[in-house]
Structure formats: C-alpha cells, structure tokens
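Participant: What follows is a single structure, and I will ask about it in a moment.
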Amino acid sequence: MEISPRFTFAICIIQSLFLISSAQTCKNYTFPSNQVFSSCSDLPVLQAYLHWNYIPSTKSAHIAYRASQSSTRWIAWAINPTGSGMAGSQAIVAFRHSNGSMAVYPTPIDSYSPSMQPGTLSFPVSNISAICAKNEMTIFAVIGPLANGTTFNHVWQEGPVSNTNPAIHSTTGPNVQSMAKLDFLS
C-alpha cells in the first residue's frame, strides 16, 4: 500500500496541532491547591515557570516556582540583589527525601561552591513550602519586604541529590543559562 503525500501531510498537521495544544505554559496552569497568581513567566530554560502576586503596600511577593523534575533531584529559585549570576543570590531550594517528605529552605549562595545548607537570606522569607507531584516540583514562599524597587536579577536551577543534600548542578548548557531580569510589576 502506497501512502500519498496528502495523507502524510495531514498526519504531520494533526501531530503538530496536538503538540502545540499539549504544550504547557504558566498562563494555563491550575495549582492543585487552587492558589491563583496574577502574573507569571515561562522561563526560557530548564522547563521552569515563575508565578507571583506582588503586594505594593508591603513590598513583598507571593511566589510559586515550578519546574519539571524527577523526585530524585533538587530545584531552586533565587533573587540576586547584588549581581546577575549565581554568586550573591538568595535562594530557596527544595528536594524530596527518600521517605517522600519534602525539604524546602532558604540558602544564601555566597560562592560558586555553596554549602546549600539552610541559612538566612538578606530579605525576609516566610510561608515556605514545596510539593512534588507528576514529575514536577513547586516551591511556594512569600518574600519581602524587598528593598531597592521591584526589578531584580533572578536565577533558577536544578541538580542531583546526594546523601540527602543538594549536589553540584551541571555547569554547561541550560544550567548556566538560567538567569534573567524580573520585574514584579510586569
């Protein structure tokens, strides 16, 4: 049986429509807890998304950082109030313990070989929690009050977990491209 070019073309169109309609974006996402965020950004690398509500009166932001991730790895999202890269960023990291519970905590990234242990950030952070479901991890937190306006450099990352601790992430490809400018008012 010979397959006609028209039939092949039709199959290609149908597959393309399916792939486009199934692509996930931050705008069409519904959180399991029915939380609603007024702003979001599809981050350009690491299959990640940032959702937020900025509260001008308190100069704080309620954030949800989501990333497609296996349950044996860690994720992190950070603001860098003093620079544009990893060093100097103020991070929130999350990973899943072998017993299924989530570890989530703030950690300052003070070098290119950080401890990734719990620590105090240069701004307040509260209401920290994380979930892991359907090959996706999400960090929730309230950050602020934030000094120095509403525009910041932010970074996001993922890597392996070793002996219940976040281990070094890849230093090539998307892992070194995961930074951008963020304006909480946009």
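Participant: Using a cut-off of 11 Å between beta-carbons, work out the net charge of the residues near F95 (Lys and Arg +1, Asp and Glu -1, F95 not included).
Facilitator: After counting each charged neighbour, the total is +1.
Participant: Further, regarding this structure: Hey, rough spin-label estimate for T58 and D110, points 7 angstrom out along Cα→Cβ, what's it come to in nanometres?
Facilitator: It is 2.9 nm.
Participant: Would you grab the residues whose amide H sits under 5 Å from the one on L182? Only those 5+ places off in sequence or on another chain, please, with H modelled 1.01 Å from N.
Facilitator: F152, N153, H154
Participant: Compute the whole-percent fraction of alpha carbon pairs in segment 127-168 spaced more than 16 Å apart.
Facilitator: In whole percent, the long-distance tail amounts to 62.
Participant: Could you do me a favour and compute the accessible area per residue for segment 32-186, 1.4 Å probe, result in Å²?
Facilitator: 47
Participant: For W74, what charge total do you get from the other residues with a beta carbon under 9 Å from its beta carbon, if Lys and Arg give +1 and Asp and Glu give -1?
Facilitator: Charge balance in the 9 Å sphere: +1.
Participant: Let me know the shape class of segment 21-61, please: from the alpha-carbon gyration tensor, a ≥ b ≥ c as square roots of the eigenvalues, rounded when a/c is under 1.5, otherwise prolate if a/b is greater than b/c, or oblate.
Facilitator: oblate
Participant: Next question, about the same structure. May I ask for the net charge around K27, where only other residues with Cβ less than 14 Å from the Cβ of K27 are counted and Lys, Arg are +1 while Asp, Glu are -1?
Facilitator: 0
Participant: Output wanted: per-residue J couplings in Hz (rounded whole) for segment 31-43, from phi through Karplus 6.51 cos²θ - 1.76 cosθ + 1.60, θ = phi - 60°, x for Gly and Pro.
Facilitator: Working through the residues one at a time gives 6, x, 8, 6, 5, 10, 10, 7, 9, 7, 9, 7, 6 Hz.
Participant: Where q = 0.10, 0.11, 0.21 Å⁻¹, what log10 of I(q)/I(0) comes from the Debye formula for segment 37-186, counting one point per Cα?
Facilitator: Each listed q corresponds, in turn, to -0.30, -0.36, -1.48.
Participant: Using modelled backbone amide H atoms (1.01 Å from N, in-plane), which distant-in-sequence or interchain residues come within less than 5 Å of G119's amide H?
Facilitator: T107
Participant: Okay, moving on. Under 18 Å between alpha carbons, and skipping anything fewer than 8 positions from K181 in its own chain: which lysines qualify?
Facilitator: In chain and number order, the partners are K59.
The values are calculated or read from the model by the stated rules, or taken from the named source; none is laboratory data. Since this is a predicted model, take the numbers as computed values, not measurements. For neighbour counting, all protein chains shown are included, and Cβ atoms are generated from backbone atoms with ideal geometry for every residue, glycine included. For accessibility, only protein heavy atoms count, side chains too; no ligands or nucleic acids. Shrake-Rupley method; radii C 1.70, N 1.55, O 1.52, S 1.80 Å.
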